[in-house]
Amino acid sequence: MSEPNNNQEELVGSEAESRIKILSRRGFIFGAIAIAGGYEVLRWIDFGPQKAGISAQLRKVLDINQRVALSLFNEGSTAKLYPVSEAVMPIVNGTVGIDTPIDQTSWKLNLQDKPSADRILSLSQVKALPRTDITTELRCVEGWTTVVHWTGCKLSEFIKRYPPRPRNGNPLDFTDFSTMPKYIGFETPPPGFLAGESQSYYVGIDMKSAMHHQTLLCYAMNGNALSPPHGAPLRLVIPTKYGFKSLKRIGRIFYSDTMPRDFWAENGYDWYAGL
Ligand SMILES: Nc1nc2c(c(=O)[nH]1)N[C@H]1C(S)=C(S)[C@@H](COP(=O)(O)O)O[C@H]1N2
Ligand SMILES: [Mo]
């Protein structure tokens, strides 16, 4: 590999960017509630009619925040970086789709771009892509945050090496999103594939988030190979979004022009889940 190890990219300070970061760090639920009219709204949330398991009032603020998150993201938000020495092991959180042990040596990645044929990739093909290290916060909506040092490759590098087929006859241009699929989806290996696995976990992200320089496919964490409960052999890490988007144990990746289903968005959380 001739590419340098693009360790710990520097953040560029500007007034606008720090304002965006302050806004985005509030977290989408409380940020949205604050935007929608202060903490008193918390009092009436529980009494509203239910829609998708949460009250219509809360749904409304989440919808507002989804637009806010998207506009913040479009202005180029970046996750804060930390010194590697601050990294610690996070708790294992969320085991949907990873309960059953898998044979790590026979694991394969299934890459799809309908209607073309699937591509089956090995872990060494992912590891052959330029290595990237990043130390950022893993933020769970349940209220904890841990600084973690991640090692893998940029998802953008993977997409460039294993690109989608051109859309509408246009040649692919990775700087022009109109030539690319709108979304990319991720899933744990399908339940039938693993005896005993009852459910899969799945995440969808928009192509801008996928091409973001901090969005990674990771195979190591805090200096060691991923352990199975943290998503071995390969997991997604999206430091600009809440932890539930960082799918552990990727089985399938697919390009799509329609919004892929998303496990926690189906359960009432914001689909974009930006910080
Ligand atoms: N396959 C899978 N990936 C998952 C989850 C899950 O339940 N299943 N939970 C998510 C959530 S909610 C969080 S906060 C992070 C936690 O990552 P960790 O267990 O490495 O700390 O994983 C995410 N990825
Ligand atoms: Mo989480």
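Provide the gained length on full extension for the span Tyr82 to Trp107, in nm with one decimal, where the gain is 0.36 nm per separating residue minus the Cα-Cα distance. Display every interim value, and only then the final one.
Working: separation 25, 0.36 × 25 = 9.00 nm, distance 3.20 nm.
Separation in residues times 0.36 nm, less the Cα-Cα distance, equals 5.8 nm.
Once you place label points 7 Å from the Cα toward the Cβ at Ser198 and Asn224, how far apart are they in nm?
Placing both labels 7 Å beyond Cα along the Cβ direction yields 3.0 nm.
Report, in listed order, any pair from Lys127/Lys182; Lys80/Lys108; Lys154/Lys208; Lys154/Lys248; Lys160/Lys208 with a Cα-Cα distance greater than 22 Å. Write down the numbers at each step before the final one.
On the way: Lys127/Lys182 26 Å; Lys80/Lys108 32 Å; Lys154/Lys208 13 Å; Lys154/Lys248 16 Å; Lys160/Lys208 14 Å.
Table pairs above 22 Å Cα-Cα are Lys127/Lys182; Lys80/Lys108.
Subtracting the Cα-Cα distance from 0.36 nm times the residue separation, let me have the gained length for Ser116 to Ser178 in nm, one decimal. Let's see the in-between values first.
On the way: separation 62, 0.36 × 62 = 22.32 nm, distance 1.98 nm.
Difference between extended and current length: 20.3 nm.
Could you tell me what fraction of 2.2 N^0.38 Å the Cα radius of gyration of the range 193-246 comes to, as a two-decimal ratio?
The value comes to 1.26.
Report the local net charge at Gly231: Lys and Arg +1, Asp and Glu -1, summed over other residues whose C-beta lies under 9 Å from its C-beta. It would help to have the intermediate numbers written out before the result.
Details: positive: Arg235, Lys248, Arg249; negative: none.
For residues surrounding Gly231, the net value is +3.
Each reported figure results from applying straightforward, stated rules to the coordinates on display, with no laboratory input. Just so it is clear, the model here is predicted, and its values are computed rather than measured. Because the Cβ atoms are built from the backbone with ideal geometry, glycine has one as well, and the counts that use them run over all protein chains shown.
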